[in-house]
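I have placed the structure first, in the form of structure tokens, so that the comments after it can refer back to it.
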Amino acid sequence: MKTEILKELKGTDGYVSGQELCEKFGVSRTAVWKVINQLKEEGYDIEAVRNKGYRLASSGDLLSREEIVTSIRGQWAGRQVEYLQEVDSTNTRAKQMAESGAPHGLLVVAECQTMGKGRRGRSWVSPPGANIFMSLLLRPEIEPTDASMLTLVAAMAVTDGIRKVTGLETGIKWPNDVVIDGKKVCGILTEMSTEFERINYVVPGIGINVNQEEYPEEIRATATSLKLALGRTVKRSELIGCVMEAFERYYGIFLETMDLSGLMDEYNGMLVNKGREVRVLAPKNEYTGVSLGINRTGELLVRTEDGSVREVLSGEVSVRGIYGYV
């Protein structure tokens, strides 16, 4: 009932009477009063005025299961939420729940990660109370070889969500780093389970630097947060809702063709590498060229000095700008 009452308060500009809440949810005034007090204890600024009712004055940047659920606007992505104050990794937790039969669209969100994962075994800096750490459980009926494209879909969703919530000029560094002003603001790690050439589940893990203000010296030149770029605190639950809504839309377009052909133009419009000189760091050789954007399977097309075009597969190589990270 707490989720329903919070949703009612968030969806009303003025006051909601206690009697109205009682009648709508079939509970007593005492039960409503208890829920209101619980919400106040969690940090919600709720005004109570005799003969008027309750009004949500402010919720600040709070995260809870109820706060996230009431911020989700799509049909399935994030409709079921597992919220944890602390976890080793949201990806690990999502995979554990997937093995236990959790449904497509489950969203795992944590206030803090103790063993956050990055690409190629790197750790992900995960301080509490400032950022978004979330993993979405998917059960797509696609070939295992096509699952890597979902990482690019997730990058598009994050980029779209940040733009809508903050208005910041946000882009993608191929394949899935989301950047602002040439600095990384989001990393995405996608993991999956397969069996007999069939996907059991896919879990895109998303870490967004939202309200963090300081970074270790070794990454200060390449990392930033929305708060540093915007100059104010960003409400994380609102951003989670917008990212899930965008992911649901892009995922639907992806499923229509089982590739990125319907998303290529929009992705390439978000791609900060496009038209720039890049350095491709492959395991056995290194070369430079000009990024032309992605093809329908998400590979980066790079025109080399001899005029030939190479298809760069994510996961096998690293792509950097000639003069820096981007």
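The values are calculated or read from the model by the stated rules, or taken from the named source; none is laboratory data. None of these values were measured; they are calculated from a predicted model. Positions of Cβ are backbone-derived with ideal geometry, glycine not excepted, and every protein chain shown enters the neighbour counts.
General remarks:
- Segments classed as helices (runs of 4 or more DSSP H), wholly inside the range 1-55, with at least 2 members that are farther than 16 Å from residue 70 by Cα and among the basic types (Lys, Arg): 29-41
- Residue ranges of strands (runs of 3 or more DSSP E) in the range 128-198 with at least 2 members assigned by TED's automatic domain parsing to the domain that holds residue 237, among the aliphatic types (A, V, I, L, M) and touching a residue at least 60 places away in the same chain (Cβ under 8 Å): 132-136
- In the range 214-234 there is no residue matching the filter, namely being within 17 Å of residue 147 (Cβ to Cβ) and among the hydroxyl-bearing types (Ser, Thr, Tyr).
- Screening the range 276-298 for residues that are of a type in the set (S, T, N, Q) and in contact with an Asp or Glu (Cβ under 7 Å, 6 or more places away or on another chain) and picking the one that is nearest to residue 325 (Cα to Cα) gives 288.
- Filter result for residue 54 (within 23 Å of the chain's Cα centre (by Cα) and of a type in the set (Phe, Trp, Tyr)): no
- Residue 86 vs. criteria exposed (fewer than 14 other Cβ atoms within 10 Å of the Cβ) and either out of contact with any Gly (no Cβ under 7 Å at 6 or more places or on another chain) or outside any loop (DSSP other than H, G, I, E, B) (or both): yes
- Any hit, the range 226-237, residues being closer than 14 Å to residue 136 by Cβ, in contact with a strand residue (DSSP E or B) (Cβ under 9 Å, 6 or more places away or on another chain) and aliphatic (A, V, I, L, M): no
- Qualifying residue in the range 67-81 (condition: in the same structural domain as residue 191 (by TED's automatic domain parsing), over 22 Å from residue 233 (Cβ atoms), at pLDDT 85 or above and of a type in the set (D, E, K, R)): yes
- Residue check, residue 270 more than 20 Å from the chain's Cα centre (by Cα) and among the hydrophobic types (A, V, I, L, M, F, W, C): no
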